[in-house]
Amino acid sequence: MSGEEDREVLAVKDLRCEFRTIEGSLYALNGVNLTLRRGEIHGLVGESGCGKSVTSRAILGLLDKKRSRIQGQVRFGSRNLLELGEREMRGIRGRRISMVFQDPQGSLSPMATVGSQIEEALTNHVSLKGPSGRAELRRRTALLLERVGLSPETARRYPFELSGGMQQRVMIAIAINCEPELLIADEPTTALDLSIQAQILRLLKTLQRELSLSVLLITHNFAVVAEICDRVSVMYAGQIVETAPAAGLIAARESGAFLERNAFPAHPYSKALIDCIPRGRPQSTRTPLPVIPGSPPRLYDLPSGCPFAPRCSRADEACTVMPPGTERGDGHVVFCHHPVDSVPRRSSP
Ligand SMILES: Nc1ncnc2c1ncn2[C@@H]1O[C@H](COP(=O)(O)OP(=O)(O)OP(=O)(O)O)[C@@H](O)[C@H]1O
Ligand SMILES: [Mg+2]
């Protein structure tokens, strides 16, 4: 194993997913390339419908094989997860790779206490029988609850007695019960109000540090990326169009000067997404936020070449051919023939 591969916990290569629908073939993923480094929080951003959730479900082997055709590679350790059978995947899913979804209420049973649902998750992985086993289960449940910032007494309560933020903490406790190497969180804070969102993000960051977790964090929100991610990948029409360190985004956000002093965003689509972020400006100077012209392509009949070209002001003849990935150093890769020049312009003397 090379040094670079050793740093990787997951490497998705040329992942493709075609759904068979009554309207014909829908090409949801069209060659996704995504590498997660060990111990990083990697943000995956992009407009609704670009394929973020399908990517996570493909990684976990959760797509219906009868209705979809999946190709490519999902390297986890020395194995390609796409080649494993359901039995082998069950040994990985929920043990070595866990998942947290957007809607905790929909994921928790309303009929069982929080404690019994955490205990059930624990017994999927360890056999704890008899009185001493039950005491150990209760002890581990209390520890997990504390780890996610809930009191051990929460075990006796039912999910409907908890706020959305507390329910999401319970889901995170269930997800980390087996100390996974990788946690995939699909919009884990979208259903929560802003202050609770911040608490849950802080919790994810703490757990990532304490448990040496790697996290794939799916979000619509660049502010979330700037807050807690180490790197970010931008997705468009089932492809990653840019991957970059998030540090530039954080520095730019703090200085209030997005797009200056850093190489990200280099892809016109990443730039367009960032341009849509509201900035803190006095009311009187507020101008309407820009919108990205046009709409995402129909995934039934994608244009050949760069899928963003029909909406891109920089597109020309060259863009009818799919651009290869260009390395810009420090793991920054851009798939564009005409990247945005993000070097700051010097003011004239
Ligand atoms: N089981 C399915 N059968 C057919 N099409 C599907 C299926 N699941 C997803 N799709 C389609 O695949 C595309 C990508 O969907 P996906 O759920 O990954 O989007 P997303 O990026 O997660 O969007 P959002 O931000 O709204 O959650 C969409 O066009 C969606 O309609
Ligand atoms: Mg989704």
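Derivation of every value follows stated rules applied to the coordinates shown; laboratory data play no part. These numbers were taken from a predicted model, which means no experiment stands behind them. Note: ideal-geometry Cβ built from the backbone for every residue, glycine included; neighbour counts use all protein chains shown.
Return the Cα extents of the range 151-192 along principal axes one, two and three, sorted largest first, each rounded to a whole Å.
Result for the range 151-192: principal-axis Cα extents of 29, 24, 13 Å.
According to the square roots a ≥ b ≥ c of the eigenvalues of the Cα gyration tensor, what is the shape class of the range 13-84, taking rounded for a/c under 1.5, prolate for a/b larger than b/c otherwise, and oblate for the remainder?
Note, shape of the range 13-84 comes out oblate.
Between GLU161 and ALA247, how many nm apart are label points set 7 Å from Cα along the C-beta direction?
If labels sit at GLU161 and ALA247, their model points lie 4.8 nm apart.
Can you work out the PRE-style zone for SER151? Point 7 Å along Cα to Cβ, and I want the residues of the range 166-182 with backbone N under 16 Å.
Answer for this model: 166-167.
From the mean inverse distance of alpha carbon pairs (Kirkwood) and the Cα radius of gyration, derive Rg over Rh for the range 117-236. Provide the component values of the computation, followed by the final result.
Details: Rg = 15.4 Å, Rh = 15.4 Å.
Taking Rg over the Kirkwood Rh, I get 1.00.
Report Rg/Rh for the chain, rounded to two decimals, where Rg is the Cα radius of gyration and Rh the Kirkwood radius.
Taking Rg over the Kirkwood Rh, I get 0.99.
What is the magnitude of the charge dipole of the chain about its Cα centre, with +1 placed on the Cβ of each Lys and Arg, -1 on the Cβ of each Asp and Glu, and no other charges, expressed in debye to the nearest 20?
Working: 44 positive and 38 negative charges, 98 e Å.
Using only the charged Cβ atoms, the result is roughly 480 debye.
For the range 63-116, take N as its residue count and report Rg(C-alpha) divided by 2.2 N^0.38 Å. Intermediate results must be reported in sequence, preceding the final value.
Working: Rg = 14.9 Å, N = 54, 2.2 N^0.38 = 10.0 Å.
My calculation over the Cα atoms of the range 63-116 gives 1.48.
Could you identify which residue out of VAL215, VAL241, VAL291 has the top mean-square fluctuation in a GNM of the chain using Cα springs shorter than 10 Å?
VAL291
Among the aspartates and glutamates, select those whose C-alpha is under 15 Å from the C-alpha of LYS271, and discard any that sit fewer than 8 residues away in the same chain.
Candidates past the 8-residue exclusion: GLU47, GLU242, GLU260, ASP341.
Note down the magnitude of the dipole of the range 1-138 about its Cα centre, charges +1 on Lys and Arg C-beta and -1 on Asp and Glu C-beta and zero elsewhere, to the nearest 20 debye.
The calculation lands at about 360 debye.
For GLU210 and GLU179 in one chain, what is 0.36 nm times their gap in residues minus the Cα-Cα distance, to one decimal in nm?
10.1 nm
7 Å from Cα along Cα→Cβ at both LYS66 and SER109: what's the point-to-point distance in nm?
2.6 nm
Taking just the alpha-carbon atoms of the range 198-243, what radius of gyration and Dmax come out, in angstrom?
In Å, with Rg to one decimal and Dmax whole: 11.7, 35.
Nearest-5 percent of antiparallel DSSP beta bridges in the chain?
About 65 percent, rounded to the nearest 5.
Is it possible to state the helix-based mean residue ellipticity at 222 nm for the chain, with each DSSP H run of 4+ residues giving -39500 (n - 2.57), the sum divided by total residues, to the nearest 500 deg cm²/dmol? What is it? Before the final figure, lay out each step's value.
On the way: 11 runs with 107 residues, N = 349.
For the chain, the value works out to -9000 deg cm²/dmol.
Which value does Rg/Rh take for the range 52-156 over its C-alpha atoms, Rh per Kirkwood?
Taking Rh as the inverse mean 1/r over Cα pairs, Rg/Rh reads 1.04.
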